[in-house]
1. For the stretch 190-220, how many residues are among the hydrophobic types (A, V, I, L, M, F, W, C), closer than 22 Å to K383 by Cα and assigned to a helix (DSSP H, G or I)?
2. Among residues belonging to the stretch 87-116 that are open to solvent by 10 Å² or more (accessible area, probe 1.4 Å) and part of a helix (DSSP H, G or I), point out the one that is nearest to V408 (Cα to Cα).
3. Given (1) open to solvent by less than 10 Å² (accessible area, probe 1.4 Å); (2) part of a helix (DSSP H, G or I), where does Q309 come up short, assuming only one miss?
4. Being of a type in the set (D, E), touching a residue at least 40 places away in the same chain (Cβ under 8 Å) and either within 24 Å of G403 (Cβ to Cβ) or open to solvent by less than 10 Å² (accessible area, probe 1.4 Å) (or both) is the filter here, so list the residues in the stretch 147-184 that pass it.
5. Please verify whether the stretch 297-305 includes one or more residues that are touching a Leu at 6+ places or on another chain (Cβ under 8 Å), closer than 21 Å to F410 by Cβ, part of a loop (DSSP other than H, G, I, E, B) and open to solvent by 10 Å² or more (accessible area, probe 1.4 Å).
6. Considering only residues that are open to solvent by 10 Å² or more (accessible area, probe 1.4 Å), more than 24 Å from E425 (Cα to Cα) and in contact with a Ser or Thr (Cβ under 7 Å, 6 or more places away or on another chain), which ones fall in the stretch 378-400?
7. Of everything in the stretch 63-86 that's open to solvent by less than 10 Å² (accessible area, probe 1.4 Å) and closer than 16 Å to T236 by Cβ, which residue is modelled with the lowest pLDDT?
8. From the list A254, A262, which one is outside the structural domain of G71 (by the TED database), assigned to a helix (DSSP H, G or I) and surrounded by 17 or more Cβ atoms within 10 Å (Cβ to Cβ)?
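The values are calculated or read from the model by the stated rules, or taken from the named source; none is laboratory data. Since the structure is predicted, the reported quantities are computational estimates derived from the model, not experimental observations. Here the Cβ positions follow ideal geometry from the backbone for every residue, glycine too, while neighbour counts run over all protein chains shown. Accessible surface is based on the protein model in full, side chains and every heavy atom, while ligands, DNA and RNA are left aside. Shrake-Rupley method; radii C 1.70, N 1.55, O 1.52, S 1.80 Å.
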Amino acid sequence: MCGILAVLGCSDDSQAKRVRVLELSRRQIPFHSYLFVYLLKHRGPDWSGLYQHGDCYLAHQRLAIIDPASGDQPLFNEDKSVVVTVNGEIFNHEDLRKRLPNHKFRTDSDCDVIAHLYEEFGEDFVDMLDGIFAFVLLDTRDNSFIAARDAIGVNPLYIGWGLDGSIWISSELKGLNDDCEHFEFFPPGHLYSSKQGGLRRWYNPPWFSEVIPSTPYDPLALRNVFESAVIKRLMTDVPFGVLLSGGLDSSLVASITARHLAGTKAAKQWGTQLHSFCVGLEGSPDLKAAREVADYLGTVHHEFHFTVQDGIDAIEDVIYHIESYDVTTIRASTPMFLMSRKIKSLGVKMVISGEGSDEIFGGYLYFHKAPDKEEFHRETCRKIKALHQYDCLRANKATSAWGLEARVPFLDKEFINTAMSIDPEFKMINKDEGRIEKWVLRRAFDDEKNPYLPKHILYRQKEQFSDGVGYSWIDGLKAHAAQHVTDKMMLNAANIFPQNTPTTKEAYYYRTIFERFFPENSARQTVPGGASIACSTAKAVEWDAAWSKNLDPSGRAALGVHLSAYDKASANSGVLQPEIINNVPQISVSTPGVEILS
C-alpha cells in the first residue's frame, strides 16, 4: 500500500500559510515534503514524490510492488499535462494497455494506465479498472481534477475542506486533521469531479439495490471465479506470502495460491515455495489449525506468538494507525499489527488475506438467527457496504503501518457479483440439511478427487480473528479496561461522548485514546456506531430479543451457536478477569528462517 495526499486550490500567499511554512521550517522539514512524508511515510517507505502546478499539490509515498525500479509517482501522460497520484493495484493493466495502442507509457507500473485512460475515455473510465485503488488525477490543461475510490473501499481515502477554499484528499485522517475545517471518509465506489462539483457513484452492481436474487447455486462457477480472483492477485515483483489463520477463508486462499503459484511470474522471481504467516497467543485455536493447514499444503510456515501484555502495550499505536475506536476493529487489528511488523522484517512486502467472505456469505454466527432469506440477503448487502469502515480498514491500515500490502480476493468485483447473485436460500443456515455458515463456499471447494483442504478444516466453525488468536485476548482487554475505567466514569459517558457513546469500559478506554490523537468532531464522525452482536449490524440485533441484553461484537456472544460461547454469568457481567502478564513485552517467532527464496 502507498499513501497519497492532494491539496487542490490552496491559497499559497495567505498569512496563515506563511506561518505554517515557518513552523515547518523550524522542524528542518521542507514544506512541500512535509505535506505528505512526515505524516504518511509508514504507508510507503520506498520513495517520495511531489508535483506542484499552481495552487495544486499532488504528493505520493510509495510502497513499490510492481516495477520497483521505474514506477515512482506521481505518474504522467506523454506530455505531462495529466498527473496522477494513486494508491492501488490495477490487476488488468496489461489488458488495458492493449486498448491504448496509440499511447506511450513511461513506466511498467500497473497504475500508469490511469492517466492514459482518462485521455482516451474522459471521467467515465473508472469502471474499466479491475483492482483496488484510491487516486487523484489533475488535468493541468484546465486545472480540473477527479478523485476516485475502489468499489468496496479496500483502500482508504478521506476528503476534507480548508477555510481558504482548498480541497484536501488523503489516504489517512492524519493528512487532514490539522489543516481542514471539516473532513470525512471518501465513499467507496464514488468519483469526485471538480467540473461537476461533487461526488457521484461509479459502481452500481445489481446487488447494491438489495433486490433479492434468484440465480440457482452453481458450485463450480463459484469455485472458478474465486480461483481467478486469487490468481490475478499473484501479480507482484517483490516477495509475498499468505496470511493463514487456519479458518476456512484464509485456508482456501492459501490452498489456491499454492496450487497456481508455480506457473506465475512471481514464482520465477522468488521461487515456488509459498510462505504462510499466523499469529496468536500460545495454544490458541488459530495457531493449531494454521499449522495443520500449512503442513497439508507444504508451505514454509511462520508462526508468531504474542502475550496479552504485548497486545495491550501496542493498543495506543494501533489506534493511532487504524484511526478508529470501534471495539471489534481494535481487537482484531492489534494481533495483525504485531504480525505485520514481523512479516516485514522477513523481507516480505505483500500478503494475500481472507477478508470479506463472511459479509458475502453470511458467515458470522449471528446469521444462524436470520428469520428468512430476504432478511439474510439484505444483511449481507448492509455488511458489504460497511466493510470500508471495518475489515477493509483493519486489513489495510494494520499492515500498511509497517509498509506491508494486503490483498483481498474475496472482494474481487467479479467474484462479489457472482456470489451476490445466488438465491440466498442456498446461503441460509439449515442444521437439518447439514448446512452450516458459508455452506455454499465450503461445498464449492469440497473436491473428493483433488481436495483443497482437509474436511475438518473445510467445515471448521467460524472464528472471528480477534477470538481465534486466543480467547484470553479479548478477556484480557476487558480486564485491562476495567482497571482504567471506573463505574463513575461510565455514568458520565453520555455527557463526555454524546456521539457513539461507549456502553462498555473497553469501548470507553479506546475512545479516550482515539480522542487524544484525533480530537476533531470530523474525526469521530468517521467511525461507525450502533448496537452489535457478534459483528452484526444494528438492524440484525432485532433477530433475537435476548441479544439486546448481551451486546458484544465477539463471536462468542452468539449464545447457543458458538461452540465456546460465553457462559451466562460472563455474558451478563461483560468483564472477565484473566491474569495480565506484567513482564517485558516480547513476541516470539517460530519460523524455519528468514530466507524468502526457496
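1. Number satisfying all stated conditions: 2.
2. The selected residue is H93.
3. (1)
4. D150, E172
5. yes
6. Y390, L393, R394
7. Step by step, filter the stretch 63-86, then rank; the result is G71.
8. Matching residue, one of A254, A262: A254.
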